[in-house]
Amino acid sequence: DAARPARRFHPAFIAIATQDPHLLDLMGRAERMARANAPVLLYGETGTGKELFARAIHLCSSVSAGPFIAVNCGTLTKELAASELLGYEAGAFTGASNKGRVGKFELADGGTLFLDEIGELPLDVQVHLLRVLQDQLIVRVGGNVERTVHVRIITATHRDLEEEIDAGRFRADLYFRLKVFMLSLPALRDRRGDIGMLTERFLQRLQGVYGLGVKSASAELFEALTQYDWPGNVRELLGLVESMYILSEGPALTLRDLPEEFLRK
């Protein structure tokens with residue numbers, strides 16, 4: 001509706017480029033969620049911008065002056081997950097530092113801890129996360145001192161956590177604590193109208209990074225990009241535009257600049 005005024009969001013959301021009504025509604029909801037310190041669960045395919053949303057929620061929350069600590073749970077081994085999140089006391093295990101180490105919960109004290117791929121967190125570590133959510137307490141691995149932490153928890157996943165619960169891989173009590181607020185982010189193929197705008201924004205940003213001059217995409221290229229399904233979502237689009245920006249010889253990007261593997265899809 002042309003008469004509808006442009007929506008104004010907190011500057012924290014400037015990193016999210018969209019004209020999609022559904023995504024704009026989600027940004028408005030996220031901004032309202034930021035007012036409370038309750039947990040937020042972000043659901044969406046890989047590359048849909050879950051960390052951008054997490055950072056935006058942090059930046060317009062009451063703990064915005066505190067740290068934002070991001071952890072990808074998918075990269076934590078079962079053996080190291082507890083010590084990485086909780087920290088450990090000196091000599092807690094073989095190979096441990098003789099000074100001990102502060103964990104991510106303590107590093108995020110007074111701010112936000114963003115746990116990406118929360119569905120990958122080992123079951124025995126899920127218990128510790130539940131305790132932080134309930135009591136704001138942690139105990140370092142190898143220690144017995146309870147430490148208080150005040151942390152806003154934001155989690156993200158591409159997995160169906162209810163299926164993970166049924167399979168015995170995720171605790172139901174933790175799931176219900178984490179999903180006080182929940183946002184499901186749309187895939188890029190469900191907001192195709194944004195593809196041109198995102199491409200232009202990426203080209204502007206890449207000009208600043210690489211300094212190879214102003215480059216723009218042709219109408220035919222925009223059309224091809226809009227038709228594609230983007231299984232890797234916005235992250236995949238950025239990677240493609242970056243390679244075309246660097247490899248193209250002229251200022252106009254055309255279908256000829258698309259990589260061969262893209263054309264085969």
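The values are calculated or read from the model by the stated rules, or taken from the named source; none is laboratory data. Just so it is clear, the model here is predicted, and its values are computed rather than measured. Glycine gets a Cβ as well: all are built from the backbone with ideal geometry, and neighbour counts include every protein chain shown. Only protein heavy atoms, including side chains, enter the accessible area calculation; ligands, DNA and RNA are left aside. Shrake-Rupley method; radii C 1.70, N 1.55, O 1.52, S 1.80 Å.
Details
- Using C-alpha pairs below 8 Å separated by at least 6 residues, the relative contact order for the chain is 22 percent.
- Label corresponding to P(r) over Cα pairs in 10 Å bins from 0, in percent when calculated from the structure given, among (i) 6, 24, 29, 25, 13, 3, 0; (ii) 6, 26, 28, 22, 14, 4, 0; (iii) 6, 22, 25, 20, 13, 7, 5, 2, 0, 0: (ii)
- Rounded to the nearest whole Hz, the Karplus-based 3J(HN,Hα) values (6.51 cos²θ - 1.76 cosθ + 1.60, θ = phi - 60°) of region 192-198 follow the sequence 4, x, 8, 4, x, 4, 5, with x at glycine and proline.
- As a length-normalised measure over Cα pairs under 8 Å and 6 or more apart, the relative contact order of region 1-64 settles at 42 percent.
- Ranking of D116, D229 by solvent-accessible surface, largest first: D229, D116 (1.4 Å probe, protein heavy atoms only, all chains present).
- Here's the picture: a label point sits 7 Å out from the Cα of M182 along the beta-carbon direction, and within region 93-121 the residues with their amide nitrogen under 18 Å of it are 115-121.
- Those lysines that a straight Cα-Cα span of less than 30 Å connects to K104, excepting residues fewer than 8 apart in one chain: K50, K78, K179
- Sequence-distant residues sharing a close amide H with T112 (under 5 Å, placed H): F68, I69, R152
- The string of couplings for region 136-143 from the Karplus curve (6.51, -1.76, 1.60, θ = phi - 60°) is 6, 10, 9, 10, 5, 4, x, x Hz, one whole number per residue in order, with x for Gly and Pro.
- Applied to region 209-217, the Karplus parametrisation 6.51 cos²θ - 1.76 cosθ + 1.60 on θ = phi - 60° returns per-residue 3J(HN,Hα) values of 6, 9, x, 9, x, 6, 10, 10, 9 Hz, with x for Gly and Pro.
- Taking every alpha-carbon pair under 8 Å whose residues sit at least 6 apart, region 34-132 reaches a relative contact order of 31 percent.
- Amide H partners (placed H, <5 Å) of R140, local residues excluded: V145
- Straightening the chain between S243 and R169 buys 22.8 nm, computed as 0.36 nm per residue apart minus the Cα-Cα spacing.
- Cα-based shape type of region 52-100, given that a ≥ b ≥ c are square roots of the gyration tensor eigenvalues and the cut on a/c is 1.5: oblate
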